[in-house]
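Shown next, in structure tokens, is the structure this report addresses.
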Amino acid sequence: MEQRPKHDTPSMKRANETSIYKLMAVGIVISVVGVYLRFAGDSMTLSLVSWAILFVGAFIACKGVFKILDA
């Protein structure tokens with residue numbers, strides 16, 4: 001008879017926290033804003049700001065992913 005895997009382990013509880021997924025959603029929204037600003041104008045300053053916003057959003061989203069993987 002096969003044993004069923006335990007789904008109440010601490011790592012599973014940590015991976016299922018809603019705060020992690022909220023963090024990832026915020027990071028994705030910030031990244032999308034950065035992408036839209038990238039194509040909004042032809043200014044060098046706007047382009048640099050949009051790249052910075054994109055990377056900040058990607059960093060936040062990756063932080064959430066690594067929290068899940070660390071669990």
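The values are calculated or read from the model by the stated rules, or taken from the named source; none is laboratory data. It should be emphasised that the depicted structure is a prediction, and the values quoted were computed from it without experimental measurement. Methodologically, a virtual Cβ is constructed for each residue, glycine included, from the backbone with ideal geometry; neighbour enumeration extends over all protein chains shown. Ligands, DNA and RNA are excluded from the accessible area calculation, which covers all protein heavy atoms including side chains. Shrake-Rupley method; radii C 1.70, N 1.55, O 1.52, S 1.80 Å.
Things worth noting here:
- Within segment 17-42, the residues that satisfy the criterion of being at pLDDT below 90 and not acidic (D, E) are R38, F39, A40, G41.
- Inside segment 32-50, residues that are open to solvent by less than 90 Å² (accessible area, probe 1.4 Å), assigned to a helix (DSSP H, G or I) and of a type in the set (S, T, N, Q) make up a count of 2.
- Cβ pairs under 6 Å, 6+ apart, first in segment 12-31 and assigned to a helix (DSSP H, G or I), second at pLDDT 95 or above and among the β-branched types (V, I, T): G27/I60
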